[in-house]
Amino acid sequence: MDADAFRRALGSFPSGVTIATTTDAAGEAWGITVSAFCSVSLSPPLVLFCPAVSARSHDVLKRAERYAINVLRPEHRTLALRFATPGADKFARAGFRTEGGVPVLPSALVSLVCRASAQYDAGDHSILVGEVESVQVHDGQPLMYFDREFRELSPAPLVGPPGRVDRYRDRPLFETDDTDGSNAA
């Protein structure tokens with residue numbers, strides 16, 4: 001298989017951008033930018049992320065009993081680049097605070113503090129599964145990664161089928177004109 005074609009194929013799938021953080025046994029903060037993050041289960045609440053084995057923070061994250069996943073906003077683009085850069089002073093003036101013994105970014109769109117649940121070796125990455133112990137959610141838009149670049153979501157949502165309700169905000173996802181059931185867009 002052509003490695004460049006595979007890389008281009010994966011770059012065609014947009015993903016959110018997160019920073020995974022933890023502390024080591026000496027209390028030093030560690031972190032890495034991760035786009036391979038997803039939910040696993042609602043009950044129990046499980047998420048996973050996949051740090052590269054080559055990352056300096058990989059072994060610390062793999063041994064961690066707790067870590068945080070911070071979902072970034074578009075204004076965190078520079079912070080995402082810093083946490084993706086080996087040897088950078090990642091936490092300098094970044095605004096992290098400690099929660100549950102791990103660094104959490106209060107300005108993140110979402111912060112999840114997790115207890116390590118399972119881990120799997122997967123080629124040049126590891127799959128780390130964590131049970132979510134606490135969550136902070138703020139309004140706003142996520143920072144996205146697509147086609148090897150950071151992106152922002154369009155402010156215009158796609159129109160859904162008639163009658164769909166945003167279950168998180170208890171309001172229609174779109175307006176209808178109530179005459180023929182069509183969208184009034």
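Worth pointing out:
- Looking across segment 127-149 at every residue that is open to solvent by 30 Å² or more (accessible area, probe 1.4 Å) and not in a strand (DSSP E or B), the one that is farthest from His76 (Cα to Cα) is identified as Asp147.
- Restricting segment 130-158 to residues that are more than 22 Å from Cys114 (Cβ to Cβ) and among the charged types (D, E, K, R), the residue that is modelled with the highest pLDDT: Asp139
- Test: Asp59 is under 18 Å from Thr22 (Cβ atoms) and acidic (Asp, Glu): yes
- Summed over segment 1-53, residues that are among the hydroxyl-bearing types (Ser, Thr, Tyr), touching a residue at least 24 places away in the same chain (Cβ under 8 Å) and either surrounded by fewer than 15 Cβ atoms within 10 Å (Cβ to Cβ) or in a loop (DSSP other than H, G, I, E, B) (or both) total 2.
- Pairs are defined by a Cβ separation below 8 Å, a sequence spacing of at least 6 or placement on different chains, a first member in segment 110-124 that is closer than 24 Å to Met144 by Cβ, and a second member that is open to solvent by 70 Å² or more (accessible area, probe 1.4 Å) and of a type in the set (Asp, Glu); the pairs so defined are Val113/Glu133; Cys114/Glu131; Cys114/Glu133.
- Taken over segment 63-117, the residue count meeting the criterion of being out of contact with any Cys (no Cβ under 8 Å at 6 or more places or on another chain) and assigned to a strand (DSSP E or B) is 16.
- When Arg56, Arg77, Arg82 are checked against the criterion of being under 15 Å from Arg148 (Cα atoms) and either open to solvent by 60 Å² or more (accessible area, probe 1.4 Å) or aromatic (Phe, Trp, Tyr) (or both), Arg77 stands alone in meeting it.
- Qualifying residue in segment 107-126 (condition: among the aromatic types (Phe, Trp, Tyr), surrounded by 12 or more Cβ atoms within 10 Å (Cβ to Cβ) and within 25 Å of Gly11 (Cα to Cα)): no
- Where Ser57 falls short, out of the listed (1) of a type in the set (Ser, Thr, Tyr); (2) over 17 Å from Asp121 (Cβ atoms); (3) in contact with a strand residue (DSSP E or B) (Cβ under 8 Å, 6 or more places away or on another chain): (2)
- Hey, Asp89 surrounded by fewer than 21 Cβ atoms within 10 Å (Cβ to Cβ), acidic (Asp, Glu) and out of contact with any helix residue (DSSP H, G or I) (no Cβ under 6 Å at 6 or more places or on another chain) or not: yes
The values are calculated or read from the model by the stated rules, or taken from the named source; none is laboratory data. Just so it is clear, the structure is predicted and the values come from calculations on it, not from any experiment. Positions of Cβ are generated from backbone atoms using ideal geometry, with glycine treated the same way; all protein chains shown enter the neighbour counts. Heads up: the accessible areas ignore ligands, DNA and RNA and are worked out on the full protein's heavy atoms, side chains in. Shrake-Rupley method; radii C 1.70, N 1.55, O 1.52, S 1.80 Å.
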